[in-house]
Amino acid sequence: MRVLDFKRILPSLALIFFFLISLSGQDTLYDCKIELKVDVLSFKNSQINVEFNWNNGDIRLVKMANLKTDHTWELPDGSDENSSVPDSLTPVSAGLNVYRIVDHVLYPDHLVGEITAKYKYYDIKRTYRLYPDIGALPMSLSLKKSSGYSLDDEQYFDDKIILPGRQWKIKSIEFFDRTDHNNNLVSPLESLAFLKPLDLRGNLLIATDLINNESLFVIKEAPLGESQLLYPGFDFQVKWGELTIKNLGALYSEVPSDIWFRCYGYVLGTGGKTDHETLIAIRTYMKNIRKHNDGNEEMIMMNTWGDRGQDGKINEDFALNEIKKGKKLGITHFQLDDGWQQGLSKNSKTTTGKLWDQWKREDWEPHHLRFPSGLGPVLDAASKSGIEMGLWFHPSNADSYSFWQDDADIIMDLYDTWGIKTFKIDGIELNDKNADIHMRNIFETVALRSNGAITFNVDATAGRRGGYFYLNEYGNIFLENRYTDWGNYYPHWTLRNLWQLSEYVPPEMLQIEFLNNTRNNQMYDAMDPLRPSVIPFDYVFSITMAGQPLAWFESSGLPEEAYHINSLIESYKKVMSEFHQGYIFPIGEMPDGGSWTGFQSILNEHSGYFLIYRENNSNESFEIQTYLSPDSGVKLEKILGYGDNFDCLTGRNGEISFNLSGEFTYGLFHYVVEPE
């Protein structure tokens, strides 16, 4: 097995946090409190109370309370049965350090409880984060060998929760990225716990106590499936009275002795009495694990790679023309993809392009022939047009990104010299733990040094990458490459992927592409009613609105009539931030090209948005179940698209009947629930 090198992997902690250390082993912040009292360690805020038997630092989960529903699970201690330590030894010593994270550039204010337990052969550090008003407790795990010992144990590090009773319904949700090869991105499975262990795949598990009609959830904060290191083929194991989170990304044999080895983590949270309450609890956690800034998160980005010109056209004149046309279209960001830089990659159309695994600093200067005056003229034109520039960047993945500090410096140089704040990060391969840690260091260092100004579009189309639950604190996710040149772009496929993911993943963290649908009509069956060229361009744009729209084309290649969507884009800009602030969930039928489908953005109990689509469907009206209460009076105002303002009374399951005249039409409606 390869010897891991953990030198130079952590940025200076002095730059990272403002700490207020509580030396007493307890602290409070807003509604959060962490306390070790007698032999009980508790984590409590307004939503949740989680208690552990201290057990000299080898903690045992013994109580979970959902304070919102006033339900408490008293959990069996289980003694050694729930020990995650292979030899179940008692710690030699243990300690608790509680401190605050406040005024951080990335993370909301929260409390941290750090438990360090020293065993004979290794040390274990569990870092719990307690956020105000969030009913979830995330934990990250770190390991370190004790000095003087050589541990060759090939056992995985797992963690186990002892559940009360046998009546548990289990829903595991498996997710897929590598979208160059996958077009079905979500696969849920429902099971019942039984005597024989169930091996379940997925980064999310929802366990429902059928006796009390209450749920808890576990998010495995790790890459997806086979992209995980040491993946055993499943993520959870469930049987009567027992839930095991499998493989937190480490074998004991590879743990270093001189530095903490950060493994994967997981989140334990309380749901509610309904599926929707549980989804709201999951979404509340996922929307609040980092600070949000509309200035560097909301975007209608254009990237010309989608027309398959690669870098064949990229130069100053091309960029200036794209900016001119992009302003006419209404974009907010223009990103130069691979080919703007001096060192050309192996994806270049030129024969001189060779680079991929190893880059030098001078490779990341503007290409001397393509941009003879540097990026200055392009940036000036973009600024005058109200457009922000972004760039493509490929970190050096040689030796597991051991040159990560150089990459961070290069990105900061581009920020300091040219003011670039948005970078598409491509080519990530997290093939070992060094790569994992070094990649996080790039993101973390750049975010800190730029005071949160820089955001990343992290490509999820290929390779072993972070997926939807790992390394996702630093920007948004570039979800998929689709090309009319290859005949693999269909608007309803894109909508379906966004719709399915949005049940569990905030869709506003996903960049969603729309293409120039007039290109390459010959690549599609002329009798196919769902081929891109027959679908109105405004509808093609509209399917991206629940995410971050990505204009995946050269704007100079659009027909003149395509620019008519400018008024639609300008109307969308006025509401996109508020629309994305809501909790966006799928409603209606699953998109298949012939459905009535859409999204509901829940701002609060009384207001929000409906984004409704009529695909290739002959019905001019359709009743869609919403997340509103039955028999509620609702006023709906059309914001953009088709349809009219109307008032209605919801049905017995919260249904509303929507009307859209014409196939491939859509409407965004703001709704207000009238007081009873």
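None of the figures in this text is laboratory data; all of them are computed from the coordinates on show. On a predicted model such as this, the values are computed, not experimentally measured, just so you know. Because the Cβ atoms are built from the backbone with ideal geometry, glycine has one as well, and the counts that use them run over all protein chains shown.
Of note:
- Potential lengthening of the chain between S383 and D413 amounts to 8.9 nm, from the contour at 0.36 nm per residue minus the alpha-carbon distance.
- When Y401, Y483, Y122 are sorted by how many other C-beta atoms sit within 10 angstrom of their C-beta, beginning with the fewest, the order is Y483, Y122, Y401.
- Proximity of backbone amide H atoms, modeled 1.01 Å from N, is registered between Y119 and V92, I124 at under 5 Å, excluding neighbours fewer than 5 places apart on the same chain.
- Partners of K63 within straight-line reach, counting lysines whose Cα lies under 17 Å from its Cα and excluding those fewer than 8 residues away in the same chain: K33, K37, K44, K160.
- Inter-label distance, nm, simple model (7 Å from Cα along the C-beta direction), L603/D275: 2.8
- In order through region 512-522: 3J(HN,Hα) via Karplus (6.51 cos²θ - 1.76 cosθ + 1.60), integer Hz, x for Gly, Pro: 10, 8, 10, 10, 6, 7, 8, 8, 6, 4, 5
- Around P223: net Lys/Arg minus Asp/Glu count, Cβ-Cβ under 9 Å: -1
- The 3J(HN,Hα) values that the Karplus relation (6.51, -1.76, 1.60; θ = phi - 60°) gives for region 125-138 are, in residue order, 10, 10, 10, 9, 10, 10, 9, x, 6, 10, x, 8, 10, x Hz. Gly and Pro appear as x.
- Charge tally for E444 (other residues, Cβ to Cβ under 12 Å; Lys, Arg +1; Asp, Glu -1): +3.
- Region 13-287 shape via C-alpha gyration tensor axes, a/c threshold 1.5: rounded
- Taking a straight line from the alpha carbon of K171, these aspartates and glutamates sit under 18 Å away, with near neighbours fewer than eight places off in the same chain left out: E190, D199, D209, E214, E221, D235, E242, D275, E277, E503.
- Under 26 Å of direct C-alpha separation, and excluding same-chain neighbours fewer than eight residues apart, K638 reaches these lysines: K327, K328, K573, K574.
- Förster-model FRET efficiency, 30 Å R0, N56 and D158, C-beta, rounded to 0.05: 0.90
- Fully extended contour minus Cα-Cα distance, from K37 to D258, at 0.36 nm per residue: 76.4 nm
- The relative contact order of the chain comes to 10 percent, based on Cα pairs under 8 Å that sit 6 or more residues apart.
- Count Lys and Arg as plus one, Asp and Glu as minus one, and take only other residues whose Cβ is under 11 Å from that of S555; the net charge is then +1.
- Sites K169 and Q522, calculated FRET efficiency, Cβ-Cβ separation with R0 51 Å, nearest 0.05: 0.55
- Farthest towards the positive end of the charge dipole of region 152-258, among the residues L185, G225, N212, is the Cα of N212, using unit charges on the Cβ of Lys, Arg, Asp and Glu.
- Ranking F579, I124, N604 by how far each Cα lies toward the positive end of the dipole of the chain (charges on Cβ) leaves I124 at the top.
- Rotationally averaged projected area of region 292-453 (alpha carbon convex hull; nm²): 9.4
- Cα shape, the chain, gyration tensor, a/c 1.5 rule: oblate
- Region 292-453 - percent relative contact order, Cα under 8 Å, separation 6 or more: 21
- Each of A453 and Q625 was given a label point 7 Å from its Cα along the Cα-to-Cβ line. The distance between the two points is 4.9 nm.
- About its Cα centre, the dipole of the chain is roughly 880 debye, where the only charges are +1 on Lys and Arg Cβ and -1 on Asp and Glu Cβ.
- Extreme residue, positive dipole direction of the chain, given options I442, Q405, S621 (C-beta unit charges): Q405
- 3J(HN,Hα) along region 383-398, derived from phi through the Karplus expression 6.51 cos²θ - 1.76 cosθ + 1.60 where θ = phi - 60°, amounts to 4, 5, 8, x, 10, 9, 8, x, 9, 7, 8, 10, x, 6, 8, 4 Hz, with x in place of Gly and Pro.
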